[in-house]
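Here's the structure we're looking at; comments come further down.
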Amino acid sequence: MIPTQIVVGAAIVRGGSVLAAQRASPAHLRGRWELPGGKVDPGETDEAALVRECHEELGVRIRPIERVGPDVLLPVRPNAPRALLRVWTAELTTGEPEALEHLELRWLTADTLSTVDWLPADLPFLDHIRSRLSGG
Ligand code: 9L3
Ligand code: MG
């Protein structure tokens with residue numbers, strides 16, 4: 001069976017805002033915005049990968065809260081394994097996020113959520129996140 005690469009993303013929510021991160025690389029994604037995260041390693045749980053990636057990319061500890069939205073198919077090179085993006089809401093437990101691997105970080109509210117140039121794969125999650133930011 002061809003394995004599926006799971007990629008996890010964190011919608012880190014604090015006081016009515018969610019953290020968006022601007023990718024530095026690869027070149028064709030540079031400048032686009034995403035929910036921070038990355039690939040689940042073999043043998044690693046999705047939630048453990050989410051915690052690890054947020055520590056590596058932002059220097060913080062987070063706690064995943066709940067899954068939001070669907071599994072979203074990510075674009076991959078021809079013949080590469082299928083990749084799916086999964087997102088959790090999360091809260092900060094320790095530290096203040098820093099752009100250790102991103103160009104910039106921004107806290108966005110329900111009203112400003114669509115003011116950045118999101119990666120296409122992240123778009124299906126925005127309505128779910130917006131309703132949580134609005135107290136829905
Ligand atoms: N990706 C898309 N949206 C996201 C994340 C975390 C990742 N919110 C895509 C970008 C890359 C791939 O998934 O093509 C792997 O992500 P990373 O390990 O380079 O962060
Ligand atoms: Mg990443």
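Couple of notes before you dig in:
- Complete set of residues in region 72-84 that are exposed (fewer than 15 other Cβ atoms within 10 Å of the Cβ) and in contact with a Leu (Cβ under 8 Å, 6 or more places away or on another chain): Leu73, Arg82
- The listed residue being closer than 20 Å to Thr109 by Cα, within 15 Å of ligand 2 (Cβ to nearest atom) and of a type in the set (D, E, K, R), out of Glu34, Glu56: Glu34
- Only one of the numbered conditions (1) touching a strand residue (DSSP E or B) at 6+ places or on another chain (Cβ under 9 Å); (2) within 13 Å of Arg14 (Cβ to Cβ); (3) of a type outside the set (Val, Ile, Thr) is not met by Glu96, and that is (1).
- Test result for Thr109, of a type in the set (Val, Ile, Thr), open to solvent by 30 Å² or more (accessible area, probe 1.4 Å) and under 20 Å from Leu123 (Cα atoms): yes
- Unique residue being within 14 Å of ligand 2 (Cβ to nearest atom), of a type in the set (A, V, I, L, M, F, W, C) and within 18 Å of Ser17 (Cβ to Cβ) when the list is Ala99, Ala110, Ala90: Ala99
- If you go through region 1-16 and keep only what is open to solvent by 20 Å² or more (accessible area, probe 1.4 Å) and either away from ligand 2 (no atom under 13 Å from the Cβ) or of a type in the set (Val, Ile, Thr) (or both), you end up with Met1, Ile2, Pro3, Thr4, Ile6, Val7, Val13, Arg14, Gly15, Gly16.
Each row is one residue, and each column tells you yes or no for (1) at pLDDT below 95; (2) basic (Lys, Arg).
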| residue | (1), (2) |
| --- | --- |
| Leu84 | no, no |
| Leu108 | no, no |
| Leu123 | no, no |
| Arg130 | no, yes |
| Ser134 | yes, no |
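- For region 32-58, filtering for residues that are under 21 Å from Ile129 (Cβ atoms), open to solvent by 20 Å² or more (accessible area, probe 1.4 Å) and more than 10 Å from ligand 1 (Cβ to nearest atom) leaves 3.
- In the set (1) part of a loop (DSSP other than H, G, I, E, B); (2) open to solvent by 40 Å² or more (accessible area, probe 1.4 Å), Leu103 fails one condition alone, (1).
The values are calculated or read from the model by the stated rules, or taken from the named source; none is laboratory data. As the structure is a computational prediction, the values presented were derived from the model and not from experiment. So basically every Cβ, Gly included, is an ideal-geometry build from the backbone, and we count neighbours across all protein chains shown. Calculation scope for accessible area: heavy atoms of the full protein, side chains included, ligands and nucleic acids excluded. Shrake-Rupley method; radii C 1.70, N 1.55, O 1.52, S 1.80 Å.
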